Each structure stands twice: as C-alpha cells, then as structure tokens.
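A short reminder: the numbers here are calculations on the coordinates, not readings from a lab. Model, not experiment: these values are computed from the prediction. Cβ: placed from backbone, ideal geometry, glycine included. Neighbour counts: every protein chain shown.
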Amino acid sequence: MTGAADSDVVIRLRGIRNQFGPNVVHDALDLDVHRGEVLGVVGGSGTGKSVLLRTIVGLQHPVAGRIEVLSIDIARADDSARQALRMRWGVMFQDGALFSSLTVRENVEVPLRGAARLAPATRRALADLKISMSGLPWSAGDKYPAELSGGMRKRAGLARALALDPDIVFLDEPTAGLDPIGASQFDQLIRDLSDSLGLTVFMVTHDLDSLQACCDRIAVLAEKKVLVTGTMEQMLEVDHPWVHEYFHGPRARAALAAGAGQKG
Amino acid sequence: MARQFPQEPPEITLASEGPDSRVTLGGALTLAGVARLRAALDGLPADRPARLDLARTSRMDTAGAWAICALRARLEAAGQDLTLTGTTPEQDKLLATVRDAWPVPDAAPPPRHAIADRLETLGRAVTGGGRTMLELTGYLGIFLLRLFSSILRPRRFRLTALVHHCEDVGLRAVPIVALMAFLIGVVLAFQGAVQLRQFGAEVFVVDLIAISILRELGILLTAIIVAGRTASAFTAAIGSMKMREEVDAMRTLGIDPALALIVPRVLALLLMLPILGLIANAAGLLGGAIMSWLELGISPALFRTRLIANTDVSHVLVGMIKAPVFALIIGIIGCHAGMQVRGNAESLGMMTSRAVVAAIFAVIVADALFSIFFAEIGI
C-alpha cells in the first residue's frame, strides 16, 4: 500500500476479532475501503458479513482490533467525535428498519432534525427530494412503512440513509427479496447515486448480478477473515475452493454472461 | 475533496443592477448553510434572468443543489433563465441528478368536508362495532361446533394442548388470584368493621364479607385478573402465529386453526375459571376471617358458625354460575383479537391491548346484566 493511496482509505480494519461465546466469527480480519468505491462483501451463510457491517458502524464491539472510519479510531474517539462521525455515514438495514410509527417522509426527516436547524418546510422539501432520488413516487411520502412493499421499504431505507449526504453508505443485502427487475433497478440506483454524490458504498450482498452490475471491488469473507479482495475479473482467477465454486457456479456464469452482454 | 468538520459557512454576494441578477456563491453549499442560501436565493426577483457564479464554492451537497434547483424552478415558472458558471463536472452531475429527481407533487386530493368526515368516521365506527359483535358471535358458534364435533370424533381432539393451556391459564394464575382475593377480604372486613361498629353491629361483618365475596367480588375480580392475564396471552400467541403465517400454513396442511388453536384455549378457560373462582372465594373468606379476628375479636369459630347459619348456599351458586359465561367471553374475545392481527408488529400490540380492554369491559357488562337478572327473579 503506497502513501498516496493511504490517505484515500475511508474504512480501515486491522486485526478484528469477533466472538460469540466459543464461536469465533472473525479472527485477525484486515480490510481497507477506498474513497468513492463500491465494495461488495460476499461470503457463505454464517461467515459474519452482517456482523462485519455492524462492527464497523459500532453496533457490535469487537473483542480485539482497530477500526478507523474517516481516520477516526472508533474505539478511542470521544462521544462528540463519534456523533459527528454518525452524521457522515448512512446505514440501510435489510428490511429498511424504518420507524413504524412515522410516515416515510418523517422517517427521512429524522436524521435531518438532528443535523441542522432547518425550517420545517425546508426539511420536508429535502426529505421529498431524497425520497424521489431513491426512486419512490410522491405518494409514498405520506405512507407508513407497513403500507409499503418490501422493495419500497428498501428504497425508503436508502432515502433515510442518504438524508445527510453521507460520505459512506452501508447497505445490508440491498437486493435480497426483490424481483429481478426491482433488483437491477436498485443496482442502477446505487451506481448512479454513488457516481453523482461521490459516495463510498459498503455493500453486503449475495446477489451475483449486483456484484457484476455495481461493485468496483469485491471482498470475500471466508475462514474468519477477508480471504481476498479484487475486481470481478480477479475473483475468477482465485483458486480457493469456495471462491472458485462461488464465481464459477452456474448462477455466476449466468450473471457474468448477462453483464458481458450489457457491456458489449 | 475531503470533507472537514466544522464547515465553513456559504459566502453569498448579490449584485442585482443591470438586466439580470448576478450572484457569486462561495464556501460550502451544504446542509449546514442551506437555510441562509435558500433565504438569499428566495430574495432574487423573478422578473429577470439570474446568473450564479459557483467558481469559488469549495463543496456542494444535495441540499445546496436543491436550493439552486428550487431557484431554477421558480425562475422558469416566471419565464426567466438561470445561468450557472464556474461549476465543476461533479457539481454539474449532482445538479443534473437533483433536477432529474425533482419531486412533483401528485394532484391534491379533493377538499374534504369536516362535518361529513366526522359523520363518516362515526358511521364506520358504529358499523365496525356491529361487525365485531357479529364476528364474536361467529367465533362462539365455531367454538361450540368444533367442540361438539370433537366430542363425536374424540381422536381429533388435542388433549395435550388442553392440559398445557389448563396449566397456563389455571395453575399458574392461582397465586395472584388467591392473593388478590385474600386482600379484598381483608379490606372488606376492615371497612365493614369501621362502619358497623357505629351501630354496635360488628358481628354482621361476617354476612357482609360472605355475601359480597361469594356473590360478586370473588368471581368478578378473578375474571378481571384472568382477562388481563389470559386474554392478552391468547391474542399475543395466536396473533404472532398469524403474523408469521403459521395459521395459513396450518390451513394448507389441512389442520383446522379453530380446532387446533381456539378450542383448547377456550375450553381450558371454561374448565379453569370456576376453579379459580372457588379458590378466590376461599381466600377472600380467609382474609375476612383473619381480619375480623384481629380487628373485631370475632373468633374463627364464631365466624364459621355465623357463616354457615346466615349465608345461604345460593349465594355461592349465583357467583359460580357466572364463571363459565365470563370464561367464554374472555376466551372468545382473546382468540378473536388474535385472529385479527395483520402482518406487522404494531397490529399485534394494538390487538393485544384492545383484547384486554374489551374483555374486562364485557365481563363487567355481563356481571351487571346478571345482577339485574337475579334481582328480577328474586334470588
């Protein structure tokens, strides 16, 4: 890693160890995420992809290791630094995790309330803009989360995660449970937003099409650590059995063929 | 472009002489300064074109882009142009993204009449209440039908579930019911003593305690506690199964949810509530006897003699005859509310609390009706 690239690292994990009782999920895990990239994290079930995401955003405290986000060491930072940091990232949970007693618009307004002193009309307008940017129709703003479909809840969760124009967005299985059309629209949305807002995206996913369509780099979790990182093409060269199986299985070939077809 | 905290405020310079408004923007056009930016841009007149120079801006986020796009929308509505100069390619991209996503309100809903609205709400509440009553009757019917059909075909009956629910509804409720009744007996003896002593009629406290507990309070308070404890448990258990589509799964597997879920629960309550009522009666009399002894010097032997001599057994029967009715009310309301739960957690919470309130209310209404009935026939 060169000095110039070093300043570009927005998330730096070193020696992370996560453990639930005797069950070690991560051990000596290292990972760098660079500014402006879309990183896809893949791994088998139970390899701790979501645990890794929760560890970075501070919902899970690792037993050992160092987490630096935007050059701030999370374990050592004081409360105000941590609070400032929380305004610079957005998290989209698997099912949106919207507050069920608030409408979609009010959900998006929640982070705006905490961040800046805004007139209610301005806050509403900004929330409406974020709702529209995440691809929801105007009428969705007045609805409650229970009235939305799964895909719309994910979009609303994304709108809330983007409310403060964060530097980093964490997405937990953004396309899980969506139909193929909705999933590829979501992939396109993430790609567009990451290009125009300069977002860094940390995405946990199982979806090979998503990896192909919107990820700049892929990190594979296996054997309790980040086994390998690289582009889709580099993944195809790896000869670890699980990685090989994952990227050469029938689904992977279909996704790759579809991706190649789009590009060509 | 590294983002720093704290942010520098936006710098806004207006120069509106000449045929168009000229504005130079500098610093950070971000969420933190969007209120100032919006206020300044709102001040520009809409009757002439505007020119924004963004060459000195350090950074811009969607909030800044939103303020600029809002100005553009306002000027274009008035037939004027907005020209941007000095933008970076990233800023152009962001502005284009915001403009493409510009939210367009749907057509406003037709105006509503407040009075008509209220009337409609009232009407819906009335018909909703009527429908709920009908549904409850329907559930009672389903329960009885399934009960009798399982008597005809005993192999379909779920004895294990019945025993489990009997333990849950009956045995586990004994401590709280007994303690509550004991304390009610104590309170009645104490209050009765204070009043009756004025007439030198302390010994009538035995009649007071016996009649009020055996006839009314023992079973009524037991039913209220069981309504709070068991109706909510029924609603929560059935409701969470409904939420996770377990009830639908049962139907597709050919298992009758009414037979599997409702019959064992309501039947358990039907068997257990009279027993709980008897326990409450005994505990209430015990509490009253102890307090009479300590406070009024009525010995347990005298208490027993007066109790047997002066209190007719019909009081116990009048009390006990209500128990199965209360049990049906509580069980049916609890199970019905559970089956009304929809696919989200709020409706589970709402239906649970609604079941408790409805069950307690219905129990008290039924008790009042029983009182009138017994008074009319003179028991």
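How long are the semi-axes of the equivalent ellipsoid of the range B:47-87, taking √(5λ) for every eigenvalue λ of the Cα gyration tensor, in whole Å from largest down?
The equivalent ellipsoid of the range B:47-87 has semi-axes of 20, 12, 5 Å.
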Notebook entry, point to check: In which sequence would B:K242, B:K93 go, from the one with the fewest C-beta neighbours within 10 Å to the one with the most?
Noted result: B:K93, B:K242
Check: Where in the range B:142-230 are there chymotrypsin sites (Phe, Trp or Tyr not before Pro) that are in a DSSP coil and have at most 16 other Cβ atoms within 10 angstrom of their Cβ?
Finding: B:F199
Item checked: At 1.306 mPa s and 10 °C, Stokes diffusion of the protein assembly as shown via Kirkwood alpha-carbon radius, µm² per second -> 52 µm²/s
Next item on the list: Consider just the alpha-carbon atoms of chain B and return their Rg together with their Dmax, both in angstrom.
Entry: 36.2, 111
Checklist line | Calculated FRET value between A:A84 and B:D47, using beta carbons and R₀ = 35 Å, to 0.05 | finding: 0.25
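Run the numbers on chain A and let me know its relative contact order in percent, using alpha-carbon pairs under 8 Å that are six or more apart.
Across chain A, relative contact order equals 24 percent.
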Checklist line | Candidate aspartates and glutamates for bridging to B:K93, where Cα separation is under 12 Å - those fewer than 8 sequence places away on the same chain excluded | finding: A:D192, A:D195, B:D61
Checklist line | Theoretical gain in end-to-end length, B:T88 to B:L122 [0.36 nm per residue, Cα-Cα removed] | finding: 6.3 nm
Checklist line | Exercise: per-residue mean of other protein chain Cβ atoms within 10 Å, A:129-139 | finding: 4
Note to self: Once you place label points 7 Å from the Cα toward the Cβ at A:A121 and B:D100, how far apart are they in nm?
What the structure shows: 3.0 nm
Note to self: So for the range A:3-230, if I pair up every lysine 8 or more residues apart or on another chain, how many of those pairs have alpha-carbons under 26 Å apart?
What the structure shows: 6
Check: What is the distance, in nm, between label points placed 7 Å from the Cα along the Cα-to-Cβ direction at A:I72 and at B:R251?
Finding: 5.1 nm
Check: If you take the beta carbon distance between A:L102 and A:R253 as r and set R0 to 60 Å, what does 1/(1 + (r/R0)^6) give as a FRET efficiency, to the nearest 0.05?
Finding: 0.85
Check: If each of B:F373 and A:A176 carries a label point 7 Å out from its Cα toward its Cβ, how far apart are those two points in nm?
Finding: 5.5 nm
Item checked: the protein assembly as shown - mean residue ellipticity at 222 nm from DSSP helices (-39,500 (n - 2.57) per run, n ≥ 4, rounded to 500) -> -18500 deg cm²/dmol
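Please report the net charge: other residues with Cβ closer than 11 Å to the Cβ of B:E295, K and R +1, D and E -1.
Numbers: positive: B:R197; negative: B:E202.
Overall, the nearby charge balance is 0.
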Note to self: Show me the ranking of peptides B:78-87, A:27-36 by mean Cβ neighbours inside 10 Å, starting with the highest.
What the structure shows: A:27-36, B:78-87
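Longest segment of chain B with no GluC sites (Glu not before Pro) in a DSSP loop having at most 12 other Cβ atoms within 10 Å? The partial results should precede the final answer.
Numbers: sites that count: B:E17, B:E245.
Longest stretch, sites excluded: B:18-244.
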Next item on the list: With no solvent and one equal point scatterer placed on each C-alpha of the range B:266-379, evaluate the Debye formula and give log10 I(q)/I(0) for q = 0.23 Å⁻¹, two decimals.
Entry: -1.21
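Which shape class, rounded, prolate or oblate, goes with chain A when its Cα gyration tensor gives a ≥ b ≥ c as root eigenvalues, a/c under 1.5 marks rounded, and past that a/b bigger than b/c marks prolate?
oblate
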Check: Remind me, relative contact order of the range B:1-106 in percent, using alpha carbon pairs under 8 angstrom and six or more residues apart?
Finding: 25 percent
Item checked: Candidates per trypsin sites (Lys or Arg not before Pro) in the range B:294-379, loop by DSSP, up to 16 other Cβ within 10 Å -> B:R342
Check: According to the square roots a ≥ b ≥ c of the eigenvalues of the Cα gyration tensor, what is the shape class of the range A:107-174, taking rounded for a/c under 1.5, prolate for a/b larger than b/c otherwise, and oblate for the remainder?
Finding: oblate
Item checked: Stretch gain in nm, segment B:F199-B:R156, where the contour uses 0.36 nm per residue and the Cα spacing is subtracted -> 9.2 nm
Next item on the list: Take each complete run of DSSP H in chain B, measure how far its Cα atoms stretch along the helix's own axis, and keep only those covering 24 Å or more with mean Kyte-Doolittle hydropathy at least -0.5; list them.
Entry: B:114-152, B:174-197, B:263-296, B:313-339, B:345-377
Note to self: For Cα pairs less than 8 Å apart in space and 6+ apart in sequence, what is the mean separation divided by the residue count of chain B, i.e. the relative contact order in percent?
What the structure shows: 17 percent
Check: Comparing A:R160, A:R12, A:R76, which has the greatest mean-square fluctuation in the GNM of chain A with Cα pairs linked when under 10 Å apart?
Finding: A:R76
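To the nearest 0.05, what FRET efficiency results for B:E76 and A:R113 with a Förster distance of 25 Å applied to their C-beta separation?
Working: r = 31 Å, r/R0 = 1.24.
Working from the Cβ atoms, E equals 0.20.
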